[in-house]
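A.B. asks: Structure provided below as structure tokens; questions to follow.
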Amino acid sequence: MLPRLSIGQRNVDVDEYNSRFENKKKKCTMCKTSSFSIFLVVIVISIVLLLTRGTTNVNEVLSQDASIQQDNGQKMSRKDADILKLLLNLKSEINKAQDRIRKDWQISDYPVFERLMDIPFESWQLQKLKFVKLLIESINSTSSAPLSFVVGFSGSSVTAGHDNHFNVAYPQVFYNAMSPAMQLLPNVAFSVRNHAIGNNPCFPYDACMAAHLGDDLDVLTWEQSMNCGRDARPLTVFCRTAHAMPKKPTVMFLLSGSPSWKPKDCDHNPPTAPQKQLVANAPLFQQAMHLNHLKAMTFLRASGVDLLKEYASLAPMGQNVMAVETVRCQGPYSANFSEPSTGSGAAWHPGQLGHKLRGDNLAYVLLTSLHEAADGLQQALFAPTRVSPQQAASDRSHELLARLIGGLQLPVAKKPADAVFATLSARLANTNTPVDMELRVSVVRELLRRHLSELYSRPLPPPTAQMDINETLNPHPQCLTDFQPRQAPGLASRVFGPFSSWARDLAFFDKAAVDKNDRLGLGYLDRKYIYSSGGFIGSGLAIQLTIDNDFGSPLWLCQLQKGFLKYPPTMGDLSVAASVLAWQHWKQRSQPESLKLQALLEAGKGNYSGEVASHPLMRHMEFKPFTDQCYRTVSGLPRGEHLLILVQKTPLLANIAYVVTW
């Protein structure tokens, strides 16, 4: 069914809205001389004609060369008509996608699907406004550079798609569901990045979202409860990192747990009657507001800090798919629900249908939000204001603001609204200023800008326990790693080869799995490349660091995580097998001592034993265990270019996976 616009005191279809003008054109002579009563007769005739000829295709009406006249006598330009067409087509495409999802998951019989996402009301409203902002920017863009809408998926082997083929993992399912609608937005490049890494601890990964996923994200997911579901520190750094990104991405916390059963489990679990009696008539977001998934995520609250409250500007949402255990073996949650596409795998990894469930559910939520945004924007831009140039500027301003704020359901504070009202009244003081599309769009943009600016400028909470205050002063840490996938340059780009003797190789834990992935064509992207020492005492790795602030923050040095495994007997922990040196301002080599040290390093070719290690320009940096497989230096480095050097100090090999500077 076509959307409805409010015209006068009645609601009529968009087809009727356009049909009325076509009939008015045919009677243009009468229109010029008729009274208001004749005008009403014309409307009635138009409605009768509409009903007798059936529903007119909106695309056909809007594709005609003639302008379309609005209720207040102004004409809808071709550009305005294209905007209306875009919004209508977008909502139609969203309806198709959601109808497919409803059919696949038999939502009318199994409404549990709509109860997997926990969405606070404020988060729902904010996400809708973000989509309104995207739509406004899309239809009003004059730049040759395309806009973007980027969804970044971080997480563990669950998100990486292990035991399935990469192209059936839920981020790809999400992309497939969202893409038809998103591709309708002009000048918007829609992309999804699945940069999850299996068997990977939360530190330093959660601090390095910009390095792994980029800082241009609109939505960022976190699926790490399997690895750190009891520690709020990684989540604090994760939220701070997200908040520092230019577009303040919506953050979705996804529990790792996946419902799992085998076909034989359904032999003695006969299907029960469909759950039609549980279907709620309330809109999706109203159902999602009354769930407790986020409250159950205790890792979001620690040390007196409630991350959901403190980072409300990130529109936090939560997903827990374990509720479908209540309908196991029934309907779409069939006996083969947990079977991976490869035929076998770990019980904690979703099967192919489990991935489809997660991806469709996330898309269903965002598609619903996008539909509401398009609908609200349509009402704001196209519903007539019933104002005339003869009205006072203040009356016209009040009428227009009420229409725009009401259509968008904008929870704008009184002060920003008053500021926009004053500007608008000044513009409308000229009675020749029409309440046209350009004016409406500019007011919507300003209302959104003021509202979001106020929201994003709220102060952040203090750091959690065990976090150095200086680490939180810079929300843009520089993360050097060769773990893949990533967006930023890797550790290899900063290694100074002439002074290094460590070797770069695939992590010994992952070689067999990567070989299997390549052999079977599973398509996984995650790979862990590390540097290991050269096998002799004094073997060194020289890393070029650029410190661009005066915080003096400590450095993080993170070795390969062990997870459920152990290092081989020849490999030691970093604290046992290595020492750390720093040559500060190493590119300033005019002094004799600098030239002497350079000559020693060139001659040693990565050997830092003896005279090199004791050179007065070499600063020995103390470091201590921090968390997971990370160590933290006791002190930091000043602003400038430095050479950080890791040196093997025992017969045991050492390795490095991440170097993080704050």
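A.B. asks: Figure the gain on full extension for Leu520 and Leu452 (residue separation times 0.36 nm, minus the Cα-Cα span) and round it to one decimal in nm.
C.D. replies: Values: separation 68, 0.36 × 68 = 24.48 nm, distance 4.75 nm.
Roughly 19.7 nm would be gained on extension.
A.B. asks: For a Förster distance of 51 Å, can you work out the FRET efficiency between the beta-carbons of Glu325 and Leu147, rounded to the nearest 0.05?
C.D. replies: Values: r = 41 Å, r/R0 = 0.80.
Once rounded, the FRET efficiency stands at 0.80.
A.B. asks: Let me ask you something else. Place the peptides 77-88, 358-369, 484-495 in order of packing, highest mean first, counting for every residue the other Cβ atoms within 10 Å and averaging per peptide. Don't skip to the answer; put the middle values down first.
C.D. replies: Values: 77-88: 18.2, 358-369: 23.9, 484-495: 15.7.
Put in order of decreasing packing, that is 358-369, 77-88, 484-495.
A.B. asks: Still on this structure, I have one more. Under 5 Å between amide hydrogens, which residues at least 5 positions from Met76 or on another chain qualify, with H placed 1.01 Å from N in the peptide plane?
C.D. replies: Counting only residues 5 or more places away or on other chains, the set is Ile68, Gln69, Gln70.
A.B. asks: Using only alpha carbon pairs under 8 Å that are at least six residues apart, calculate the relative contact order of region 300-361 and give it in whole percent. Don't jump to the answer; show the numbers that get you there.
C.D. replies: Values: 31 pairs, mean separation 11.7, N = 62.
Relative contact order for region 300-361 comes out at 19 percent.
A.B. asks: Given 20 °C and 1.002 mPa s, how large is the Stokes-Einstein diffusion coefficient of region 96-233 in µm²/s, with Rh as the Kirkwood radius over Cα pairs? Intermediate results must be reported in sequence, preceding the final value.
C.D. replies: Details: Rh = 17.1 Å.
In µm²/s, the coefficient is 125.
A.B. asks: Expressed as a whole percentage, what fraction of the accessible surface of region 506-662 belongs to carbon and sulfur atoms when a 1.4 Å probe is rolled over the protein heavy atoms?
C.D. replies: Numbers: 3780 of 6860 Å².
Here carbon and sulfur together make up 55 percent of the probe-accessible area.
A.B. asks: What's the extension gain from His620 to Arg504 if we count 0.36 nm per residue and subtract their Cα-Cα distance? Let's see the in-between values first.
C.D. replies: Working: separation 116, 0.36 × 116 = 41.76 nm, distance 2.42 nm.
Contour length minus Cα-Cα distance gives 39.3 nm.
A.B. asks: Among Lys528/Lys624; Lys566/Lys624; Lys85/Lys248; Lys248/Lys511; Lys247/Lys356; Lys85/Lys130, which pairs are too far apart, with a Cα-Cα distance over 26 Å? Please list the in-between numbers first.
C.D. replies: On the way: Lys528/Lys624 24 Å; Lys566/Lys624 21 Å; Lys85/Lys248 30 Å; Lys248/Lys511 37 Å; Lys247/Lys356 28 Å; Lys85/Lys130 21 Å.
Beyond 26 Å: Lys85/Lys248; Lys248/Lys511; Lys247/Lys356.
A.B. asks: With the cut-off at 1.5 for a/c, could you classify region 603-662 from its C-alpha gyration tensor as rounded, prolate or oblate?
C.D. replies: Numbers: a/c = 1.95, a/b = 1.23, b/c = 1.59.
In terms of gyration-tensor shape, oblate.
A.B. asks: Considering amide H positions built from the backbone, and no H for Pro or chain starts, which residues 5 or more places from Glu339, or on another chain, come under 5 Å of its amide H?
C.D. replies: Gln352, Leu353
A.B. asks: Please report, to two decimal places, log10 I(q)/I(0) for region 518-662 at q = 0.10, 0.16 Å⁻¹ as given by the Debye formula with identical point scatterers on the Cα atoms and no solvent.
C.D. replies: Values, matching the q order: -0.38, -0.89.
A.B. asks: Okay, moving on. Beyond 24 Å, what share of the Cα-Cα pairs of region 466-600 is found? Please give it as a whole percent.
C.D. replies: Working: 4068 of 9045 pairs.
Percent of Cα pairs beyond 24 Å in region 466-600: 45.
A.B. asks: Round to the nearest 10 and report in Å² the accessible area of Glu339, as given by a 1.4 Å probe over the protein chains' heavy atoms.
C.D. replies: 90
A.B. asks: Additional query: Trypsin sites (Lys or Arg not before Pro) within region 208-268: which are DSSP loop residues with at most 10 other Cβ atoms inside 10 Å? Write out the running numbers ahead of the final one.
C.D. replies: On the way: sites: Arg230, Arg240, Lys247, Lys264; in loops: Arg230, Lys247.
In loop regions of region 208-268 (DSSP not H, G, I, E or B), the sparsely surrounded trypsin sites (Lys or Arg not before Pro) are Arg230.
The values are calculated or read from the model by the stated rules, or taken from the named source; none is laboratory data. Since the model is a prediction, treat every value here as computed from it, not as a measurement. Using ideal geometry, Cβ is built from the backbone for each residue, glycine included, and neighbour counts are taken over all protein chains shown. Side chains are part of the model used for accessible areas, which takes the heavy atoms of the whole protein and leaves out ligands, DNA and RNA. Shrake-Rupley method; radii C 1.70, N 1.55, O 1.52, S 1.80 Å.
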